[in-house]
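Beneath this line is the structure, given in structure tokens, with notes to follow.
The values are calculated or read from the model by the stated rules, or taken from the named source; none is laboratory data. Every value quoted in this text rests on a predicted model; they were computed, and no experiment measured them. Cβ: placed from backbone, ideal geometry, glycine included. Neighbour counts: every protein chain shown.
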Amino acid sequence: MPEDPSSLISEGARDTAVRRLQEAYAEGHISHGEMDEGLDQVLTARTHGELVSVLASFPEEHAGTTSTIAAAGGGIQRRGTWRVPRTLKVESAFGRVHLDLSRAAFEHPVVDIELRLGTGKAKITVPRDADVDVEDLHTGWKDLRYKPRRHSRPGGPRIRISGAMGFGRLKIRHARR
């Protein structure tokens, strides 16, 4: 955040503050009432000074919740039961990528997956109740294949997929069971 506490806050800073409050609640650091009060204060804050004073009483974000899976050539595959970090970076120059999140353990309500893929197909299977956001994903050669679920149940993880793909196609699907 800027050093000038009187400067107006951006929507990005406000969104980050809201996310931080939601994560603190989901991790059990604050009560439902504290989250509601904090959200009200964050949404009505106009300056960085007001926002900082609201967030000062809440736990800091956990550092070190980023994992990277990388391969220069060959495939990357994760399936079965595995813990999904808050931020997952997947980097592959050549080869296929398959992430099966259908039986994975989500410790955070929001998970960011950053893709940096050169060539090759990529497939991500998400839980049935997941909410998937692909707004910040840039594809080079082929379009993304993803059909959002019509009737998703609330309470599932929110998965934000961002990054860039060169040559290849990304297919995202919801698990059937």
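Pairing each residue of the range 108-126 that is polar (S, T, N, Q) with any residue that is part of a loop (DSSP other than H, G, I, E, B), provided the two are 6+ apart or on different chains, yields C-beta distances under 9 Å for Thr119/Gly95; Thr119/Trp141; Thr119/Gly168; Thr125/Arg79; Thr125/Leu101; Thr125/Ser102; Thr125/Ala175.
Scanning the range 19-38 for residues that are surrounded by 14 or more Cβ atoms within 10 Å (Cβ to Cβ) and either more than 22 Å from the chain's Cα centre (by Cα) or not in a loop (DSSP other than H, G, I, E, B) (or both) yields Arg19, Arg20, Leu21, Gln22, Glu23, Ala24, Tyr25, Ala26, Glu34, Met35, Glu37, Gly38.
What's the total number of residues in the range 5-26 that are in contact (Cβ under 8 Å) with a residue 24 or more places away in the chain and under 21 Å from Gly155 (Cα atoms)?
Of the residues in the range 5-26, 9 are in contact (Cβ under 8 Å) with a residue 24 or more places away in the chain and under 21 Å from Gly155 (Cα atoms).
Taking into account only those residues within the range 79-107 that are of a type in the set (Lys, Arg) and surrounded by 16 or more Cβ atoms within 10 Å (Cβ to Cβ), which is nearest to Gly166 (Cα to Cα)? Per the stated criteria, the residue is Arg96.
Only residues that are within 16 Å of Ile159 (Cβ to Cβ) and modelled with pLDDT under 90: list them for the range 86-102, please.
Arg86
Taking the conditions (1) over 15 Å from Lys171 (Cα atoms); (2) out of contact with any Leu (no Cβ under 7 Å at 6 or more places or on another chain) in turn, Ser92 satisfies each one other than (2).
Does the range 114-131 include one or more residues that are surrounded by fewer than 19 Cβ atoms within 10 Å (Cβ to Cβ), small (Gly, Ala, Ser) and either more than 12 Å from the chain's Cα centre (by Cα) or at pLDDT below 90 (or both)? Yes, the range 114-131 contains a residue that is surrounded by fewer than 19 Cβ atoms within 10 Å (Cβ to Cβ), small (Gly, Ala, Ser) and either more than 12 Å from the chain's Cα centre (by Cα) or at pLDDT below 90 (or both).
A count restricted to the range 134-166 and to residues that are modelled with pLDDT under 85 and closer than 17 Å to Ile76 by Cβ stands at 0.
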